[in-house]
Amino acid sequence: MAIVGARPARRFGLFGRTRPRPRTIAQPRRRAGAGRRAQRVGGVPGMLIGIAAAAGLALFHLSQSSHVAATGYEIADLHAALAELRAEQQQLLFQIGEARSPAVIQHRAKTTLQLETLSPDVVTFAQPSTKQHK
Amino acid sequence: MLARTDSRARALILLLVAAIVATGIGTRLAWWQIVERDPLTAIALHQLARHEQIPAERGEITDASGVLLATSVELQSIFATPPSVEDPESAAALLAPALSMDVDDLRARLTSEDPWVWLQRRVDPTVSERVRNMDLPGIGMLPETKRVYPVQGISPRTTLAAQVIGFVNVDGVGQYGIESAEDDLLAGLSGSVAAQEDVIGRQIADSVDELRQPVDGSDVQLTIDAGLQHLLEVALWSTYRRNSAEGVTGVVMDVTSGAVLALATFPSYDANRYGTLDPEVFSNPAVARQYEPGSVMKAFTVSAALDAGAITLTDRFKDNNNLRIGDVRIQNADRYTSPYGHGRITAGDVLKLSNNVGAAKIGLALGRERLYQAFRRFGFGVPTGIEISGEASGVVWNPDGPNGSGDLTAAQNAFGQGLSVTAMQLVAGYAAIGNGGELVTPHVVAGWTTPDGTYHQAQPPTPRRIMREETADTVLRLLTDAVDEGIAQPASIPGYSVAGKTGTAQIAGPITTRVQTGTDERGKPIYERSTHFGYVNGWIDSSFISLMPASDPKICTLLLIHRPATWGLYQMAQRPDDLFRELAPDILSYLAIPPDRPAQPVASR
C-alpha cells in the first residue's frame, strides 16, 4: 500500500535526487527556478567529465608507472644476465691465463709434443747488417 | 502501519549512525594520514629502503708484455638457512662430497640455530653448478668476487711470482707484494646506491634516491717478464731441491733503469689457496730478509777505496792469512789451502781470490768513517724503495757509534760480515757498478692504466751518482777478471763477458753446547746444556752476483742459496756460480742480448 504524502526516496552521495520532485506548483514559479536548475544540470556532466578525466589520468599514470617498473625489472634481468656473462668471461680469461702459463706450455711441449729444450749453445745471433738500406 | 514521522526518525537514526561511522573512519584516517604521517612514512621507507655498496672492480696485474698475472672473477658462495632445510641428514650427505667438507661439520651447520650460515665461500664454478642442480630447500648461493692468479708456477701448488704479487684476503684487501703496496691504486673506490625494493628484494626502477658510482681500480703493469720469471723459477726450483736448501732467491734487474725483470724465491706458494699456508712463506725474502752478505761486499769496499783515492790499482797489501784486531783474528776462506796467505796482493787480487785479509786492510786504509759513509751511499741501511711491501732496511753499524767496535767493525764490514743487507740492496749496488756509478731505485711497477684508459708510466726517482764513472768502470773490469781468472771462474759462459762475485757467509743462530759445571761425589763430571748465539756450523748463505755482458752491462743477476745442505768446508750440491752458468745463457738468449766475445770453451773448474 502506497504511503500517502511520502517523499520520494533519496540517495546519499554526490548525485542527489534520482528523479525530479513532482511539479504541482504554478508555471511562473517553475520558470523562476529554471535557470538555476539548468545550471545544476550543466554542473553534473562537467563534474562527470572531470572525474572521468581524473580517472583517465590516474589510469595513464598507473599504466606508465607499471610500464616503468616492468621495464626496470627487464633492465635488472638484463643486468643480471650481463653479470653472468661477465662472470663466464672472467672464468674464460682465467682459464686462458692458466693455459698460457709458461710452466703449462713447457709441460705440454715436453710430454705431448715430445719437444726437447734447445741448448743455448746452438743459438746464434744474426750480425747487424753493415749495408745502408736506402 | 508506519507513520511518516516514524520513517523520518529511522532515516535520521540511520543518517546519524552513518555519520558517526563516517566520522570515526574519517577521524581514524586523519589520524593515520595526518598525525601519524611522518612515523608511518619512515617505517614504510625503512621497509622498502635498499642501501647497498657497489663494489669497485679491482684492477688487473699484468707482466711487462701484458700476460695476465692477477684478475678477479665472480664465484658463488653457498649458504644455508637452517630453519628451511627439510632433511639436514640427507642434505649433508649430498653436499659433503660436492663441497669436500666433513659430513658431521656440514650436518652441524645445517641444524644450527642460526637463521643463516655460510657453508662454503667462493667455490669453483663446477662445484656451484653441482650444488645448484641438487636444488635443495634451504640452500642458496650468493655471488662474490674472488681474486685469482692464473699463471702457474713451475713447482707444484705455486703461482708465478707469488711473492712479488701477493694476494687479496677475503675482505678484498691486498696482502703482501704488489697487491698490498699498490692496494690504493688497484682497489678503486666503491660506490653506493640508496633506492627502494619490492617485496622480493628487487630494486624498484626509478626509485633511486642517491647514487654514487664506483670508481674501478687501475690495471697495474709490472716490469716482470713472465717468460724470464719462468726461466728463473725453473733454475731456482731445481737448485732448491738439489741443495735441500731452506730457501733460494733470484733477481734479474735492468742496470740502467732499475726495472726488475724477474724476481723469484722458493719456497713459494699458490696465491689462489693462501688460506691454509704458513704466513712465513708470504713475505718476499729478496726484500724482507736481511742477512750477512759475505764476500760480495768486497766489490763495494774496493769501489769506495778507489773512488776516494785511498788506494790505487797497483797498491799492494800483505796477506799472511792472519789479521789480528783486538782479540779477533781475521782469516781467509782458503786458509786450509793457503795457510800463509797469498803474499802481497792488489785490490784486483782481493776480488779474484775473495781475500778477507786484503779486503779488511783496504777497508782500514780507507778509514772507518769513510767506509761507513760509502756503504750508506751505496744504499745499505735504508730500504731501496721497491714497491713490494715489507721491505727491510738492513743494518750497517757506524764503527765509531754505540754499536760499533771501531776497526773490528770496519774490517769485518769490508768483507761482508758484521752487517746485514737485503738481496735487492746488493743488486742495486752492483747495478751502480754496471751503469757507470749511479744508484737506481729497483722497481717492479712499469705503469698503470686508469679506468678511462689512460696509461701512466711509473716514474722512479732519478738515479743518484754514488761514485765516479771511472771508478765504476775500473771495478767492473776487476769483477770481470774475477770471473775470467779468479775463484768465480765456474760462472764464465761461452760467448759472453761476465763480471761477478761470489759470496759465502755464515749464518748466526742459537748454538747449544754441553758445559761441565762441576763433578759429582764420585768425581764424575756434571754437564749442563748451554745455549748461546753464534755462527752455526754448516749454516751458510751462498750467493753469486753478476753483471752481463761485462763489456756493456745490461742486466744484473743475483742468485742466493740460503742454508743449503753442506758438508766439508761449505761443499754443496750446486753452488750459485754453477747455477748461474746453467741459467745465464737462457736469460741472455731470452733477452736477445748478443754475445760480446767469440765463443770459447767454458773454463774448466
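Observations, loosely collected:
- Residue identified as more than 14 Å from chain A (Cβ to nearest Cβ), at positive phi and not hydrophobic (A, V, I, L, M, F, W, C) among B:166, B:174, B:140: B:166
- In the set (1) over 27 Å from residue B:418 (Cα atoms); (2) among the small types (Gly, Ala, Ser); (3) part of a helix (DSSP H, G or I), the condition left unmet by residue B:257 is number (3).
- Options B:194, B:162; residue that is farther than 20 Å from residue B:448 by Cα and of a type in the set (Gly, Ala, Ser): B:194
- If you go through region B:441-493 and pick out every residue that is assigned to a helix (DSSP H, G or I) and among the hydroxyl-bearing types (Ser, Thr, Tyr), you end up with 3.
- Enumeration of residues in region B:62-87 that are under 20 Å from residue B:119 (Cβ atoms) and more than 11 Å from chain A (Cβ to nearest Cβ): B:77, B:78, B:79, B:80, B:81, B:82, B:83, B:84, B:85, B:86, B:87
- Residue selection: residue B:540 satisfies the criterion of being aliphatic (A, V, I, L, M), touching a His at 6+ places or on another chain (Cβ under 9 Å) and within 28 Å of residue B:421 (Cα to Cα).
- Selected residue (only one of B:322, B:272, B:284 is more than 26 Å from residue B:445 (Cβ to Cβ) and polar (S, T, N, Q)): B:322
- Residues of region B:556-589 that turn out to be touching an Asp or Glu at 6+ places or on another chain (Cβ under 9 Å) and surrounded by 24 or more Cβ atoms within 10 Å (Cβ to Cβ), as a count: 5
- Top-ranked residue of region B:146-157 - restricted to ones that are touching a residue at least 60 places away in the same chain (Cβ under 8 Å) and more than 9 Å from chain A (Cβ to nearest Cβ), ranked as surrounded by the fewest Cβ atoms within 10 Å (Cβ to Cβ): B:157
- Looking at region B:275-391, the strands (runs of 3 or more DSSP E) lying wholly inside it that each contain 2 or more residues that are touching a residue at least 40 places away in the same chain (Cβ under 8 Å) sit at B:317-319, B:323-325, B:328-330.
- Candidates B:429, B:495: the one that is more than 30 Å from residue B:59 (Cα to Cα) and in contact with a Leu (Cβ under 8 Å, 6 or more places away or on another chain) is B:429.
- Residue list for region B:233-249, restricted to those being closer than 29 Å to residue B:173 by Cβ and in contact with a helix residue (DSSP H, G or I) (Cβ under 7 Å, 6 or more places away or on another chain): B:247, B:249
- Residue B:124 meets the conditions (1) more than 14 Å from chain A (Cβ to nearest Cβ); (2) of a type in the set (D, E, K, R); (3) within 31 Å of the chain's Cα centre (by Cα) in every case but one. The failed one is (1).
- Yes/no for residue B:220 being part of a loop (DSSP other than H, G, I, E, B), more than 11 Å from chain A (Cβ to nearest Cβ) and closer than 19 Å to residue B:73 by Cα: no
- Restricting B:514, B:529, B:522 to residues that are surrounded by 10 or more Cβ atoms within 10 Å (Cβ to Cβ), at pLDDT below 90 and not hydroxyl-bearing (Ser, Thr, Tyr) narrows the list to B:514.
- Selection of first residues in region B:505-528 that are farther than 16 Å from residue B:563 by Cα and of second residues that are among the hydroxyl-bearing types (Ser, Thr, Tyr) and surrounded by 11 or more Cβ atoms within 10 Å (Cβ to Cβ), restricted to Cβ pairs under 8 Å at least 6 apart or on distinct chains, gives the following pairs, ordered by first then second residue: B:512/B:530; B:513/B:530; B:514/B:527; B:514/B:530; B:515/B:527; B:515/B:530; B:516/B:527; B:517/B:527.
- Qualifying residue in region B:191-204 (condition: within 14 Å of another protein chain (Cβ to nearest Cβ), within 27 Å of residue B:77 (Cβ to Cβ) and buried (at least 20 other Cβ atoms within 10 Å of the Cβ)): no
The values are calculated or read from the model by the stated rules, or taken from the named source; none is laboratory data. Being a predicted model, the structure only gives us computed values, none of them experimental. In this analysis, Cβ positions are derived from the backbone assuming ideal geometry, glycine residues included, and neighbour counts consider all displayed protein chains.
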